Amino acid sequence: MNCYKRLSLEEREEISRMLALRLSIRSIARFLGRHPSTISREVKKVWGHRYRTRYRAARGHRRAIRNARRRRLGYRKLNQNPKLFNEIQNKLKLRWSPEQIAQWLKSTYESHEMHISAETIYTYLYVLPRGELKKQLLEYLRRKHPKRRKQGHTQKGQTSNFEDMISIEERPAEVAERSVPGHWEGDIIIGGRMEQSALGTLVERTTRTVLLVPLKSKKAVDVRKAFTREIMKLPQQMRLSMTYDQGREMAQHKLFTKNTKMKVYFAHPRSPWERGTNENTNGLIRDFFPKGTNFNKVNRYKIKKAQDLLNGRPRKTLGWKTPYEAMEQLLR
């Protein structure tokens, strides 16, 4: 079934010209490949029953744009439905995206009065008058960055030539296909330049479960110990492999594998797309811990709170289940 496409300015000009030639509505519809009712509604909306001599394409197009803009604002539904507005505001405070909110409302409420599109939520927020409410609500939206930049001088992206380093090319097909859970992607997020602090991030490829790992430092020994502690809390079937870039903090990968029984596969230099799930998640984490954050001053409770919020969000790629729900389903 073809989706309806709104009339273009060119089509409206053809309508105006053909009306002037006294062609019928059905003849115009056949020429444009449109339904007769579409043409009839268009011309009558502009000039009523006097459309044959008074219809003008430019005026009709301006009217259509104005009406579409009004529909997108979503003022009426949100302003007249406090319950819907409160639900949206509460989920925004939990750092849910408008798309996640829209899908949650659809799956939670049967009434169409509680349904709204993600685009309407975005539009409503941005067209609000200036003031504290607009400022507060926009603060809850995630900040989109085309690429996450590392702070400070690092050697990420350069070949490290670790001893017995296993290339990502040797990774089993089940990892790339996400057909078997228990395969992770890892990285660290760098804090402020002066503090040299960092936060470890681990993401399970199948369920998108996130583990945020507090680190004492970026040194290989501290990263290895902290990652090992977090990984060993997982069920054995969820500890199969980890894919990492060639950062120096993973220099003790052999000891990590010995302690956890997890193989570490290394991505190619300057190839962040080979760990795309982790790179995307790091962008979401930056919403909680912006660039320049001194992770040495962020306590474990706050880090794990952010972890819970990330794992409690419904994800489109999981059929709108949360990572926690997906993980629980696999472990039953």
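What follows draws every value from the coordinates through simple rules; no lab data is involved. Remember, it's a predicted structure, so these values are computed and weren't measured experimentally. Using ideal geometry, Cβ is built from the backbone for each residue, glycine included, and neighbour counts are taken over all protein chains shown.
Dimensions of segment 210-283 along principal axes (Cα, Å, largest first)?
28, 27, 21
Among 17-30, 280-293, how do they line up by average Cβ neighbours within 10 Å per residue, starting with the highest?
Top of the packing list down: 280-293, 17-30.
Can you give the three extents of the C-alpha atoms in segment 168-291 along their principal axes, from longest to shortest, in whole Å?
Dimensions of segment 168-291 along the principal axes of its Cα atoms: 41, 27, 27 Å.
Using the count of nearby Cβ atoms within 10 Å as a rough guide to exposure, how do Val223, Val213 rank from fewest to most?
Ranked by crowding around the Cβ, least crowded first: Val213, Val223.
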